[in-house]
Amino acid sequence: MKNKTLKFILVGILLFVTILAIEFCCIYALLGDNTWNYIKDFWNWYAMFIIDIRNK
């Protein structure tokens, strides 16, 4: 049972990393050199969104 659970966890992590890599590749294809600024802006927006929810 543990072996089967471990396989599911590993497949889930692999799927997550694969989707994340595809998203970064798509962002780079659309934005080129501006990719890092886009990621920083998105992270800042997301962090402020979470902080705003916690303060309510």
Simple spin-label model, 7 Å along Cα-to-Cβ: Ile39 to Ile27 in nm? 0.6 nm
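What is the percent of Cα-Cα separations in the chain that go past 19 Å?
Numbers: 851 of 1540 pairs.
When all Cα pairs of the chain are counted, 55 percent exceed 19 Å.
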Would you work out which of Ile39, Phe24, Ile53 lies farthest towards the positive end of the dipole of the chain? Charges go on Cβ: Lys and Arg +1, Asp and Glu -1. Ile53
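Dipole magnitude of the chain about its Cα centre, charges +1 at Lys/Arg Cβ and -1 at Asp/Glu Cβ only, in debye to the nearest 20? It would help to have the intermediate numbers written out before the result.
On the way: 6 positive and 4 negative charges, 104 e Å.
Roughly 500 debye for the chain.
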In degrees, nearest ten, helix 35-55 long axis to first principal axis of the chain (Cα): 80 degrees
With axes computed from alpha carbons, what is the tilt in degrees of helix 2-31 against the longest principal axis of the chain, rounded to the nearest 10 within 0 to 90? 30 degrees
Quantify, in whole percent, the carbon and sulfur part of the accessible surface of the chain (1.4 Å probe; protein heavy atoms only). 72 percent
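I'd like to check one number: the per residue accessible area of the chain, probe 1.4 Å, reported in Å² as a whole number. Present the calculation step by step, with values, prior to reporting the outcome.
Values: 5500 Å² over 56 residues.
So the chain comes to 98 Å² accessible per residue, rounded to a whole number.
The values are calculated or read from the model by the stated rules, or taken from the named source; none is laboratory data. Everything quoted here is computed from the prediction, not taken from an experiment. Here the Cβ is made from the backbone with ideal geometry for all residues, glycine too, and neighbour counts use every protein chain on show. Protein only, heavy atoms only, side chains kept; ligands, DNA and RNA dropped before computing areas. Shrake-Rupley method; radii C 1.70, N 1.55, O 1.52, S 1.80 Å.
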